[in-house]
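The values are calculated or read from the model by the stated rules, or taken from the named source; none is laboratory data. This one's a predicted model, so the numbers in the text were calculated from it and none came from an experiment. So basically every Cβ, Gly included, is an ideal-geometry build from the backbone, and we count neighbours across all protein chains shown. Accessible surface areas use protein heavy atoms only, side chains included; no ligands, DNA or RNA. Shrake-Rupley method; radii C 1.70, N 1.55, O 1.52, S 1.80 Å.
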Amino acid sequence: MDMKKVGRKMSMLMGITLSFCMSLIGNITSGNFKVPAFVTSFLVSVVICLIIGFVVPIGKLGKGASGRLGLEEHSLGARCIESLVADLIFTPVMTVAMVSFAYVMAKKHDEAMPYVPALLRSLGIGLVLGFMLAFVLTPVYLKIAMKGAGPGFDGDSE
């Protein structure tokens, strides 16, 4: 089985889901939801997530961290650590990029946007949301990615 293919598919699935949810929540919590702003932030966020997902071996880093902590593979504790690692890699980068993007867009339209409070609020919300999404969806997306990886890999080997 090509584990790189599984990792890429996982990155795509998680990146799109995380981007959708964080773009939606970010635009709603801004108090100024507009569909074009949501679509633009979603597309920019997807590109950022895909770059991170294809460059950084998120799964390998998460498993390495849980292994160093002596956690049994696929245990609740290991899943928590692996989700936290993924969250701490994706969320800060995405949040800084998206808040910076929103700030530049607001300035172009002569709207005031306090950068640091927006960044801190978005980072707090994003870290919680990102962790929950990674924790809940990683096993689901892993099964999907494993089923598409080739014969004999149905995703039940978790």
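Tabulated values for the structure
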read-out	value
Probe 1.4 Å - accessible area at VAL136, Å² to nearest ten	90 Å²
Computed label-point distance, nm, for sites HIS109 and VAL39 using a 7 Å Cα→Cβ extension	1.5 nm
Check: the chain dipole with +1 on Lys, Arg Cβ and -1 on Asp, Glu Cβ, in debye	300 debye
In Å, descending, principal axis extents of the Cα set of the stretch 49-128	53, 24, 14
Of all accessible heavy-atom area on the chain, the percent that carbon and sulfur account for (1.4 Å)	72 percent
Close Lys-Lys pairs in the stretch 1-103, where close means Cα under 19 Å and separation is 8 or more or interchain	6
Most positive-pole-ward Cα, ILE48, ALA86, SER75, against dipole of the stretch 1-131 from beta carbon charges	ILE48
Computed accessible area, VAL104, all protein chains, 1.4 angstrom probe, square angstrom	70 Å²
Solvent-accessible surface (1.4 angstrom probe) belonging to ARG8, in square angstrom, nearest 10	120 Å²
P(r) weight above 21 Å for the chain, C-alpha pairs, percent	47 percent
ILE48, ILE125, ranked by accessible area, largest first (probe 1.4 Å)	ILE125, ILE48
Mean projected area in nm² (Cα convex hull; one quarter of hull surface) for the stretch 70-109	3.1 nm²
The stretch 1-48-the stretch 75-145 distance, computed between alpha-carbon centres (Å)	10 Å
